[in-house]
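The values are calculated or read from the model by the stated rules, or taken from the named source; none is laboratory data. Predicted model, so just to flag it, every value in this text is computed and none were measured. Reconstructed Cβ throughout: ideal geometry from the backbone, glycine too, with neighbour counts over all protein chains shown. Surface areas here come from the heavy atoms of the whole protein model, side chains and all, with no ligands, DNA or RNA. Shrake-Rupley method; radii C 1.70, N 1.55, O 1.52, S 1.80 Å.
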Amino acid sequence: MKELLKQYHLEPTEIKKLEGYGSINYRIKDKDNNHYVLKHYTDPSELALIQAESEIINAISGKLSFKIPVNSSGKQTSVHQYADKNFSRLLPYIKGPLLSKVKHSPGLLYNFGKSIAELDRSLERIRNTEIESRKFVWDLQYCLLNRSKIKYITDPSKTKLVEYYFDQFEHFVLPELPDLRYSIIHNDLNDYNIMTDGKKITGLIDFGDITYAPLVNEIAIALAYIMIGKENPFEAAYQVIRGYQTLYPLNEEELKLLYYLIPARLCTSVCNSAEFKVKGEDTEYISINEKPAWALLEKWISYNPVGVKNQFLKAAGYPLIDLKKKNDDILSIRKKNTGKSLGLSYSTPIYMTGAAFQYMYDHKGNTYLDARNNIPHVGHCHPKISQAISRQTRLLNTNTRYLYDSLAKYIENLLPWFPPKLNKIFFVNSGSAASDLAVRMAQTYTSRDHLLVLEHGYHGNTIIGIDISSYKFDGKGGKGMSPGVTRLPLPKLFNGKFRTGEEYAKNATEQISGLINNNILPAAFIAEPVSGCGGQVPLAPGYLKTIKPFLEKHQILTILDEVQTGFGRLGDYFWGFELHGIIPDLVILGKPMGNGHPVAAVVTTEEISNAFATGMEFFSSFGGNPVSCEAANAVLEVIEEEKLMQNAKETGDYFISSLNSLQKDFPAIGDIRGSGLFIGIEFINKDGKPDTKFAEMVNNRLKQHFILAGTDGPYENVLKIKPPLCFNKSNTDFFMEELNEILNNTPDRIRKLSELP
Ligand code: PMP
């Protein structure tokens with residue numbers, strides 16, 4: 001230490017080591033009560049950079065209304081290099097308090113914004129080749145360098161947030177970079193580097209991250225830190241932006257990019273904290289912001305991008321993004337040029353402009369909690385799925401007549417989830433095509449045509465699909481059951497025809513026996529393990545197990561439609577047929593298989609597959625193409641990485657038990673059923689009859705509370721809950737709070753139990 005200080009002719013009376021990284025820092029007090037910071041650098045390769053930093057600080061010294069680390073002559077002392085090539089420099093110590101330690105009043109935040117603009121203005125015309133050639137992880141334009149550190153984050157639900165925001169940066173910021181204003185910026189205006197008297201900014205330190213970057217990055221970084229830990233982060237951001245705009249206005253494009261830049265900075269911070277932690281290099285200084293940074297990132301995903309962009313535009317006084325006209329145009333094009341049979345949810349449809357994980361964003365800036373959409377199984381716009389698809393579209397997209405990697409890989413990944421007997425897979429593009437194919441295979445194998453279906457079942461929109469879907473042929477506009485089909489009662493326990501699965505099975509076998517006695521030999525029985533369109537009805541326990549041996553005895557194949565129930569949604573089981581303890585002959589897969597990418601399949605046995613090889617080729621132009629297979633592979637990987645089946649189980653159990661508690665107070669809730677994240681709430685009236693209007697009312701009110709659910713069942717009186725599998729307990733709490741409020745504020749007919757006579 002003495003050796004270090006010799007150069008500066010100081011006589012210290014106190015030396016204190018300071019937190020920080022990049023250099024070893026000491027606070028030094030001399031006998032005249034002057035305070036200094038001695039920064040000692042042990043990496044000689046940094047010398048040129050430190051010298052460049054000093055030059056820049058010297059160049060702006062005297063131009064600012066707050067202090068920066070220069071001495072009384074307005075310059076920095078020159079750097080001292082030692083025999084071992086290490087070097088150090090002495091800076092005046094700028095007294096706090098730090099911005100991080102004081103209350104952030106609107107006035108102070110406004111002044112903070114103005115001070116940032118003042119700083120940026122002073123740097124505007126400075127050029128420095130050393131700084132301009134810097135490339136490092138803390139420079140936001142290079143934030144993707146931090147992708148290599150994602151591996152240090154151990155919680156997969158956190159990993160995916162970082163992956164998501166880096167992916168967003170890559171696709172929505174990187175292409176804009178060439179058009180942005182560049183400047184030398186401080187690049188680390190976090191509130192630990194800012195001094196204040198509580199009313200205004202008085203000092204600014206640590207130019208160690210100074211770089212040449214898009215100007216907007218400066219305020220993005222400042223905002224990232226100032227928004228951390230705030231109840232309403234946008235109130236704070238509003239003041240900072242207002243202040244900034246008075247001196248150095250950002251344009252609209254720059255302001256809109258803040259939506260991506262702020263979380264990208266937070267991601268940079270958490271990636272580096274994670275790395276430091278793993279390497280045992282974390283200090284209080286490094287990890288201080290970690291928890292609140294995660295909290296803000298987790299909140300950020302629930303912010304609507306249009307809404308956030310508008311907050312920033314509003315603060316800067318620019319017109320807001322207004323998509324009303326676009327909404328109206330889209331609606332009128334749909335009305336004019338698509339059929340009336342193409343439905344829209346809700347009387348005022350929602351124009352969706354984005355989505356992420358379990359959230360969907362509309363054009364007005366609202367965020368909806370998605371408790372309804374089961375197709376984005378692992379979450380909307382999951383970066384792993386998007387990347388898998390987009391990479392493969394750049395490499396090869398062809399059809400199954402050629403060999404390629406991803407199909408074989410998918411088969412190897414998927415089939416272990418099935419019993420060994422189900423080892424043949426046929427790829428198509430939709431659940432409808434899959435059920436059509438499964439039926440054709442069953443008919444080919446058995447050389448029979450007749451089909452057994454369940455009441456209210458739905459399997460697809462092709463001719464065969466409609467023929468086997470009682471939900472359609474018995475529903476509005478349906479032509480009734482076709483002669484080649486027999487409908488069996490849906491084995492539903494609540495308000496059902498029979499009381500047990502076995503009784504339903506007995507009824508079914510009697511009906512089938514009747515057919516056989518009339519020389520009608522069915523080819524197959526087709527059912528969903530939990531009937532979705534039937535109103536989220538798990539087939540009564542024992543039903544499938546009881547009829548399966550009977551079906552086998554008569555060589556009737558069992559086709560299970562796992563389009564809604566498969567891929568871990570039910571929590572305890574990967575497939576619905578496992579719930580019922582049977583092994584079907586054919587399984588139909590769809591919806592979640594590609595997380596929204598159209599890929600579907602039939603999985604069956606070798607025997608059935610062989611019988612289908614009649615000489616006629618089976619070919620589907622898009623079925624199982626390399627892009628689809630990459631999407632499907634990524635879905636399986638994410639289910640495992642993020643333990644989504646386990647989450648479906650835990651969140652689903654929690655959801656169902658919360659609903660059970662609510663039911664005690666509200667007799668309108670007749671039945672709660674399902675498992676995992678496949679749940680139905682059946683509403684009934686005072687007479688115990690289906691209450692369609694009530695279910696519709698609840699569903700519409702949930703929409704007003706920004707929750708997406710749906711209604712289904714033959715009477716449309718069942719509220720269906722089947723969210724992306726990343727839906728969590730706090731989402732459940734939110735849902736329950738809103739549902740509780742809706743039920744509590746419902747007119748007389750739905751009085752609370754306690755108020756009933
Ligand atoms: N089976 C079931 C159980 C379904 O829910 C659906 C779609 N709702 C289908 C088949 C048909 O799938 P797709 O819409 O992909 O043709």
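Which pairs in the list LYS409/LYS722; LYS421/LYS548; LYS506/LYS649; LYS103/LYS200; LYS101/LYS309 are over 22 Å apart, alpha-carbon to alpha-carbon? Where the Cα-Cα span goes over 22 Å, the pairs concerned are LYS409/LYS722; LYS506/LYS649; LYS101/LYS309. Computed from the C-beta positions of GLU235 and GLU132 and an R0 of 22 Å, the FRET efficiency is 0.05 to the nearest 0.05.
Over all projection directions, the Cα-based convex hull of region 603-757 averages an area of 13.3 nm². Between THR500 and PHE619, the FRET efficiency estimated from the beta carbon spacing at R0 = 51 angstrom works out to 0.70.
Distance between the pseudo-spin-label points of ASN610 and GLU737 (7 Å out from Cα toward the beta carbon): 6.1 nm. Rounded to the nearest 20, the size of the Cβ-charge dipole of region 99-316 about its Cα centre is 380 debye, with Lys and Arg at +1 and Asp and Glu at -1. Over region 99-316, the reciprocal of the mean inverse Cα-Cα separation, the Kirkwood hydrodynamic radius, stands at 17.3 Å. How are the C-alpha pair distances of region 244-289 spread across 10 Å bins, as whole percents from the shortest bin up? P(r) over region 244-289, rounded to whole percents: 24, 32, 22, 18, 3.
Dimensions of region 426-638 from C-alpha coordinates, computed as largest minus smallest value along each principal axis and given longest first, are 47, 40, 36 Å.
By the Cα gyration tensor, region 30-82 has an equivalent ellipsoid whose semi-axes, rounded to whole angstrom, run 21, 17, 8 from largest to smallest. Extension gain for the segment ALA408 to GLU696, taken as residue separation times 0.36 nm less the Cα-Cα distance, is 99.1 nm to one decimal. The 3J(HN,Hα) values that the Karplus relation (6.51, -1.76, 1.60; θ = phi - 60°) gives for region 209-220 are, in residue order, 9, 3, 7, 10, 7, x, 3, 4, 4, 4, 6, 4 Hz. Gly and Pro appear as x.
In percent, rounded to a whole number, the relative contact order of region 456-501 is 23, using alpha-carbon pairs under 8 Å and six or more apart. For region 450-509, report the % of Cα-Cα distances exceeding 14 Å. That tail contains 54 percent of the Cα-Cα pairs.
In plain terms, the C-alpha convex hull of region 512-637 casts an average shadow of 9.6 nm² when viewed from every direction. Enclosing the Cα atoms of region 162-262 in their convex hull gives a volume equal to 119 cubic angstrom per residue. Separation of region 547-568 and region 656-688, taken as the distance between their Cα centroids, equals 28 angstrom. In straight-distance terms, cross-link reach from LYS256 covers every one of the aspartates and glutamates whose alpha-carbon lies under 12 Å from its own, apart from those fewer than eight places away in the same chain; here that gives GLU176.
For region 612-680, the Cβ-based charge dipole about the Cα centre amounts to some 320 debye (Lys, Arg positive; Asp, Glu negative; other atoms uncharged).
On the beta carbon distance between MET352 and LYS67, with R0 = 51 Å, the FRET formula returns roughly 0.55.
With all pairs of different C-alpha atoms in the average, the Kirkwood value for the hydrodynamic radius of region 2-92 is 13.8 Å.
Label-to-label distance for THR283 and ILE24 is 1.1 nm, based on points extended 7 Å past Cα in the beta-carbon direction.
The accessible-area ordering, largest first, of the residues THR159, THR565 stands as THR159, THR565, per a 1.4 angstrom probe. With contacts taken as Cα pairs under 8 Å at a separation of at least 6 residues, region 2-92 carries a relative contact order of 25 percent. Heavy atoms of the protein chains alone define the surface here; on that basis the chain has 43 Å² accessible area per residue at 1.4 Å probe size. In terms of overall dimensions, the chain has a Cα radius of gyration and Dmax of 32.1, 111 angstrom.
For region 386-467, the spherically averaged projection of the C-alpha convex hull amounts to 7.9 nm². Three principal axis extents describe the C-alpha atoms of region 200-328; from largest down they are 55, 34, 28 Å. Helix content alone sets the calculated 222 nm mean residue ellipticity of the chain: runs of n ≥ 4 DSSP H residues at -39500 (n - 2.57) each, divided across all residues, give -12500 deg cm²/dmol. Surface composition of the chain: carbon and sulfur atoms hold 51% of the protein heavy-atom accessible area at a 1.4 Å probe.
Placing unit charges on each Cβ (+1 for Lys and Arg, -1 for Asp and Glu) gives the chain a dipole about its Cα centre, and among ASN146, LEU725, SER100 the Cα reaching farthest toward its positive end belongs to SER100. Near ASP328, once Lys and Arg are set to +1 and Asp and Glu to -1 for all other residues with Cβ below 15 Å from its Cβ, the sum equals +4.
Note on region 449-533: with charges restricted to the Cβ of Lys and Arg (+1) and Asp and Glu (-1), its dipole about the Cα centre is near 260 debye.
How charged is the neighbourhood of THR202? Take every other residue with its Cβ under 11 Å from the Cβ of THR202, and add Lys/Arg as +1 and Asp/Glu as -1. Net local charge, THR202 excluded: +3. The alpha-carbon atoms of region 680-719 define a convex hull whose volume equals 53 cubic angstrom per residue.
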